[in-house]
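These notes are about the structure you will find just below.
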Amino acid sequence: MSWWGMEGLETSAKARTDEERAARIAEAGFDGINGPLPPPEEAERWRRLLERYGLSFSVNAYPRTAEDLERFLTRVQEYGSYGEYGEYGAVQHVNVQVMMPFVIGEPAVDLLRELDRLAGERGIPVYIETHRGTITQDLLRTVDYVQKLESLRLTIDLSHYVVAGEMHTVSEEAERLFDKLLRRASAFHARVSNGEQVQVDVGPGGEHPMLRNFERWWGDGMRLWQASAGPGDVLPFVVELGPPPYAIALDEHAGRTAELGDRWQQSLLYLRTARRLWAEATEGSGRR
């Protein structure tokens, strides 16, 4: 579950504590939290919290340069280098949004190559997210990146390309391009776009027709990942339904943030959907 996605889900005016949020995530059946890397003074408290609720932990990074990522990875290693918390003292993976949306062509490839090299040297799983406003904001250039960088791994969030491409319907050409990215999927961030809004309520039972497309993409990505995964490998699927303005709100012009849908119930629907798709992919591949 996305820690950012917990914002605004409080049932009273009093903000929930980290403890209450973590408990709610665990009780709902999630396996982990994706969020910010805690500062050094908060690291011990976070490790205890994750251990108490049996939750894995992945973090987000927003570098502009290779030096930015190098400094961040040092902090990640420091977070996991002390304490007696086993898996709860380590970061499962780093999700990276490269905050250079106007770098294209060979300079972009060179930057991504350097980020990939740093991750390999540090031995930390680093996945580049497909995201608007970043180096991967354009579908065509992201496909070009993976074709030029054989080891580049992605966090797939296709909602950004669906809304950017105004894909009310999805063409065969778009499907072919998505397939090239899904073959590099090492993680997923889950939300559904209708081609006009980046995040829509898909209905209490998933009735929105666009969900069928996302289910197909997520399921295909799971099967492709399983085909090459080794023992102990993990495919993170992060439910990431953001608060307003990602979530559509009433009277936004007046500064109010009452949402049109129930984002927590939608998160639980996505959790069930991911588990179902994983079971179907596993059954189809013969994996256990």
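Every number here is computed from the coordinates shown, using simple stated rules; none is lab data. None of these values were measured; they are calculated from a predicted model. Backbone-built Cβ (ideal geometry, glycine too); neighbour counts: all protein chains shown.
Shown in residue order for the stretch 219-224 are the 3J(HN,Hα) couplings computed by the Karplus curve 6.51 cos²θ - 1.76 cosθ + 1.60 at θ = phi - 60°: x, 4, x, 5, 5, 5 Hz (x for Gly and Pro). Along the charge dipole of the stretch 52-120, Cβ charges K/R +1 and D/E -1, which of 92, 66, 102 sits furthest on the positive end? Result: 92, furthest along the dipole toward the positive end.
Taking the charge dipole of the stretch 4-285 about its Cα centre, with +1 at Lys and Arg Cβ atoms and -1 at Asp and Glu Cβ atoms, the residue from 195, 135, 146 reaching farthest to the positive side is 146.
Along the stretch 225-231 the Karplus relation, 6.51 cos²θ - 1.76 cosθ + 1.60 evaluated at θ = phi - 60°, assigns HN-Hα couplings of 5, 4, 5, 10, 6, x, x Hz to successive residues, with x for each Gly and Pro. Only the Cβ atoms of Lys and Arg (+1) and of Asp and Glu (-1) were treated as charged; on that basis the dipole of the chain about its Cα centre amounts to roughly 500 debye. With neighbours defined as other Cβ atoms within 10 Å of a residue's Cβ, the residues 167, 222 order from fewest to most as 167, 222.
Which label belongs to the value computed from this structure, given these candidates for mean projected area of the Cα convex hull in nm²: (i) 15.7; (ii) 13.8; (iii) 28.7? Checking each listed value against the structure points to (i).
Estimated purely from DSSP H runs of n ≥ 4, each contributing -39500 (n - 2.57), the mean residue ellipticity at 222 nm for the chain is -14000 deg cm²/dmol once divided by its residues.
With neighbour counts taken as other beta-carbon atoms within 10 Å, the residues 157, 220, 179, 201 rank, fewest first, as 179, 220, 201, 157. Once C-alpha pairs closer than 8 Å and six or more residues apart are averaged by separation and normalised to the residue number of the chain, the relative contact order reads 15 percent. A simple spin-label model places the labels of residue 52 and residue 229 3.0 nm from each other, with each point 7 Å out along Cα-to-Cβ. Annotation: the antiparallel percentage among DSSP beta bridges lying fully within the chain is about 5.
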